[in-house]
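A.B. asks: What follows is a structure written as structure tokens; I'll ask about it next.
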Amino acid sequence: MASSDPLHRAGLPRQGPPSALVAPVLGLAAVGALVVIPLVLMAAIPLVLASVLVVGGALAVGLSLWATVEALAAFERWLETDRRFQR
């Protein structure tokens, strides 16, 4: 019967658990990942917040410019129709 172990299928003998030198390194890598991943995620929070503020600021400026143009257009229409400003 053929073995389902990928190491046996590749022609490599299975050697059991990692050696005494490799196990601490793997453990430290796991602990490091548990520390590094949350730190990276926490570092992304200010970047996301800054992006949201920049987009919100650009939207506010755009809406303010649009409202100013509309107000000036309404003021112009009022000046044209008010009889106090007619000659």
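A.B. asks: Being at pLDDT below 95, hydrophobic (A, V, I, L, M, F, W, C) and touching a helix residue (DSSP H, G or I) at 6+ places or on another chain (Cβ under 8 Å) is the requirement here; does residue 39 meet it?
C.D. replies: When the stated conditions are applied, residue 39 does not pass them.
A.B. asks: Answer yes or no as to whether residue 74 is part of a helix (DSSP H, G or I), modelled with pLDDT under 95 and surrounded by 10 or more Cβ atoms within 10 Å (Cβ to Cβ).
C.D. replies: no
A.B. asks: Among the residues of the stretch 40-63, what is the count of those that are among the aliphatic types (A, V, I, L, M) and surrounded by 10 or more Cβ atoms within 10 Å (Cβ to Cβ)?
C.D. replies: Just the residues of the stretch 40-63 that are among the aliphatic types (A, V, I, L, M), to begin with: 40-45, 47-50, 52-55, 58-61, 63.
Checking the rest, the ones that are also surrounded by 10 or more Cβ atoms within 10 Å (Cβ to Cβ) come to 44, 49-50, 52-55, 58-61, 63.
Going through the stretch 40-63 one residue at a time, the tally reaches 12.
The values are calculated or read from the model by the stated rules, or taken from the named source; none is laboratory data. In this text the structure is predicted, and so the values were computed from the model without any measurement. Backbone-built Cβ (ideal geometry, glycine too); neighbour counts: all protein chains shown.
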